[in-house]
There are 2 protein chains.
Amino acid sequence: MAADRPVTIKDIARKFKCSPSTVSRALNNHPLINEDTRRNLQEYAQKVGYQRNSVSLSLLNKRTGTLGVIVPTLNHQHETAIIDGLQSILQPLGYLMNICVSNESYLLEKEYVEKLLANRVEGIFLSISQETYDSGHYEHLESIIQRKVPLIFIDREYEGFDACRVTIDDYYGAFAATEHLIKMGCQRIAHLKGPHGLAVTEQRYKGYVDCLAKYQFPLEEELMVTTNFGVESAIIPTQRLLDLPHPPDGIFGVNDQVAIGAMYVVRENGLEVPNQVAIVGFDDSPISAYIHPTLTTVKRPGKQIGTEASRIFLSQLKDSSPNQLTENIVLSASLIVRESTLRTNISPDQGS
Amino acid sequence: MAADRPVTIKDIARKFKCSPSTVSRALNNHPLINEDTRRNLQEYAQKVGYQRNSVSLSLLNKRTGTLGVIVPTLNHQHETAIIDGLQSILQPLGYLMNICVSNESYLLEKEYVEKLLANRVEGIFLSISQETYDSGHYEHLESIIQRKVPLIFIDREYEGFDACRVTIDDYYGAFAATEHLIKMGCQRIAHLKGPHGLAVTEQRYKGYVDCLAKYQFPLEEELMVTTNFGVESAIIPTQRLLDLPHPPDGIFGVNDQVAIGAMYVVRENGLEVPNQVAIVGFDDSPISAYIHPTLTTVKRPGKQIGTEASRIFLSQLKDSSPNQLTENIVLSASLIVRESTLRTNISPDQGS
C-alpha cells in the first residue's frame, strides 16, 4: 500500500480477497454481512486508519438503506396491506421505504422510477399502473434492470417482463365465488365488474365466465355491469340489474366495497339477502365479517404479498449472480362463506 | 460578461435584476413562475448560450420537484384521504410525493426526516407519530426549519412547535356525537376509546366527557373502554359493556370501524340497533352510508386537510419572507345522522 495516499475500500478488499462492496457493507453494518466478517473488516479498517467517505461509499455500493414502492393507488385496504407486509419484514432490518402512488398513470410511474433510481434505492417493488399495462411501455422497467437494482412485481405484474413477482390467483378466486353461488341454487348470476383494462378486472371476469360455462349457464351481457371499485359505484349498476325483466338472484361483486353497495340496493328494493339475492365480495376486508348480513368473500392475502416480496428481495441481495432464478409466486385466494350467501330456500334438485 | 467563461444563472439574474432562484425556476418551468417571465428568461438564456448544469442547479435552488409526506400509518381510510388531497393539488403541478410511514415510531420518523432532507425535498407534510408526541422530542423538526424547508403539520400536530398546520376539530365532533345520543334519549352512554396517548384519542374523549358533564350525566369509569381503532378491537370491549349490570343504551365509537364492531356485538346479543342500543361512529368512511343499519357518524374532511395543506405550501413558495404568517387551520367535523341512532321509542320527556 502506498503511504502517500489514504487507504481505500479497494485496498482492504484486495487484502481480504473479497469484493469492495462486501467491505463497504461490513463497514456500514449491513444486515446480511456475517458477524465475524464484519468484525474482522472493521478492526482492520480501524488499524490501517481507513477514513470512510460516505458519499463515495454510497456511490460505490448503492447502500442507502432505502427501498422504493410504487403502487397505483392507496385507496383500498389491499394496497395498504401489501405495504404493511413489506414494512413488517424490512423496517426491522433498517430499511426505509419510499412509497409512491402512480394514480394509474404511466408518466407518473416512469417519473417515480427515475426519481427512485436517482435517489439510489436498493430495490423497487412495483404494482404497475393501468396505463402502463394498456400502453405496453416498459423502457422504465428496463432501466431498473440495467442499473442492477432488484425489481419485484407486487400484485400487478407485466407478464412478458423477466422479473420476480408475487401475485394472487384472482382467476381461481372468482371461479370459486361464482361456483359457490351456483351451488347455493342461484339461477341468474350477475357480475359487478371492475374498471376496464385492469388485469385484476379481466382475471375475475374470466373466472366468472368460465365457471358459468362449466355449469352450462348462458352468458348474458345484461348481467355484467362495470364499477370503479368504490361502494358508490355499485349503486346505479345494481339498481339497473334489479330493474331487468329477469333480475339476478346472485351477484358476484369484484370487491367487498362493491358487494356492500349491492347489498344496500337489494335491501332498499325490499328484497332479502341471501334468499332473494345472494351476494359475494372479494378481498375479505376487516369489516366484511362484522356487517349485517356478514359478507361471503374471497380472501386475498395482501400482507403475504408484501412478506413474500421482502423474502425474494433479501435472497437477491445475498445472491446477485446473473443466473439467479426468477421467482414467480402465485398466492391462492380462498372463499370464505358467510351469511350473505347461505340461502335457506335451496330446492333439493339444486346445488348439485 | 467575460467571454472566457460559460454564462451562469447569476449572470442572467444580474441582467434581469431578479434572484438566481427565479432564473433557475424559470429555466426549469416551475409552476409558480409567471408565463411572460419564464418565456423572456428562457429566450435570453438560449440567445447567450446558457448551458444548464442540472446538478448545480438543483443544489442552488433545491428544485427537485419532490415532496415528503410522513404519516404514522396507512391502515385507515383517513390517512389515505389526506394523501389523496395532497396529490390532487400537487401532482398536476409536477410534484412527486415520497410517502413514508413512521409506524408510530419516533426513531423511524426522525430517520425519514433526515432521508427526505438528504434527498432535497422541497417541503415536508408531517402527521406526527405517537412516540414523538409522547416523548416531546422535536430536534428533527427544527432541522427542517433550519434547512428552510417548508414544514406543514397534517392532522396530527405538535402544539408547541411553530409551523403551519391543518387539523380537524375532533373535540367538537365528539361533543356533537355524544349530545346527539343524549337527544335521542340514551340514558347511559358508553365510549369505545382510541389507543392511549394519541391527541385524537384524548380530544374525542374530552368531547365525550365534557358533553356528559354539560347534561349532568354522571361520569362512569366502567362505560369507557379502550380499542386500537380496528373493527376486531371493539368486539371484546363491547361484549364487556353489554355484560354490565346496567349496560349502556348508547355507544360512541372512536371511529367507524369500532362502531361497526359494536353493532355486530349488539346484534349477536339479540339486541336491536338503534332502539335498544344507539351507535355513533367517527370518520364518515365511504361504506358507513351503505351498511345495515346505516351508521350515524362524524364527517372528518380528510381530503380537505390535504388540499388546504397544499395551498399553504404553495403560498409559502411564493412568499418566503421570514415574517410570513404561520397558518393554523382547524377544519370542522360535522355530525351525519343515519339509521343507527334514529330511535322510534323516545319518550316525550326525553330529547330536551
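The values are calculated or read from the model by the stated rules, or taken from the named source; none is laboratory data. All figures in this text were calculated on a predicted structure; none of them were measured in a lab. When we count neighbours, we look across all protein chains shown, and the Cβ atoms used for this are built from the backbone with ideal geometry, even at glycine. Ligands, DNA and RNA are stripped out before the accessible areas are found, and what is left, the full protein with its side chains, is counted by its heavy atoms. Shrake-Rupley method; radii C 1.70, N 1.55, O 1.52, S 1.80 Å.
Numbers at a glance
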read-out	value
Nitroxide proxy distance, nm - points 7 Å out along Cα→Cβ at A:ASN40 and A:PHE161	4.0
Two-site label geometry, A:ASN29 and B:SER88: point separation in nm, points 7 Å out along Cα→Cβ	4.3
Stokes-Einstein diffusion coefficient of the protein assembly as shown, Kirkwood radius over Cα pairs, 20 °C, 1.002 mPa s, in µm²/s	76
Anchor B:LYS206: aspartates and glutamates whose Cα lies under 19 Å away (excluding residues fewer than 8 positions away in-chain)	B:ASP134, B:ASP155, B:GLU157, B:GLU159, B:ASP169, B:ASP170, B:GLU179, B:GLU220, B:GLU221, B:GLU222, B:ASP256, B:ASP283
Across the identical copies, how the B:GLY230 labels are spaced - nm, sorted shortest first, 7 Å along Cα→Cβ	2.8
Ellipticity estimate at 222 nm from DSSP helix runs (n ≥ 4, -39,500 (n - 2.57)) divided over chain A, nearest 500	-12500 deg cm²/dmol
Qualifying GluC sites (Glu not before Pro) in segment A:108-182, DSSP loop, other Cβ atoms within 10 Å at most 12	A:GLU159
With every protein chain in place, chain A: carbon and sulfur % of accessible area (1.4 Å)	50
Cα-Cα pairs of segment B:170-300 separated by more than 19 Å (percent)	40
Threshold 50 Å², segment A:283-297 residues less accessible with all protein chains present than alone (1.4 Å probe)	A:ILE287, A:TYR290, A:HIS292
Summed buried accessible surface, chains A and B, 1.4 Å probe, nearest 100 Å²	3400
Set of aspartates and glutamates with alpha-carbon distance to B:LYS183 below 13 Å, sequence-local pairs under 8 removed	B:ASP249, B:ASP349
Reach of A:LYS47 by Cα under 20 Å, taken over lysines that are not fewer than 8 positions away in the same chain	A:LYS10, A:LYS15, A:LYS17
Sorted peptide list for A:86-95, B:8-17, criterion being average Cβ within 10 angstrom, highest first	A:86-95, B:8-17
Mean Kyte hydropathy of -1.0 or more with a Cα span along the axis of at least 15 Å, helices from DSSP in chain A	A:77-90, A:106-118, A:170-183, A:199-214, A:256-268, A:302-318
Average partner coverage of B:245-253, which counts Cβ from other chains inside 10 Å	0
Average accessible surface area per residue within the protein assembly as shown, 1.4 Å rolling probe, Å²	43
Ascending list, in nanometres, of distances separating the A:LYS47 label from those of the other copies (7 Å, Cα toward Cβ)	6.7
Check: segment A:170-300 dipole with +1 on Lys, Arg Cβ and -1 on Asp, Glu Cβ, in debye	220
Nonlocal amide H pairs with B:GLU327, under 5 Å, H built at 1.01 Å	B:CYS164, B:ARG165
Copies compared at B:LYS206 - label distances in nm, ascending, label defined 7 Å from Cα in the Cβ direction	5.6
Qualifying chymotrypsin sites (Phe, Trp or Tyr not before Pro) in segment B:192-292, DSSP loop, other Cβ atoms within 10 Å at most 13	B:TYR215
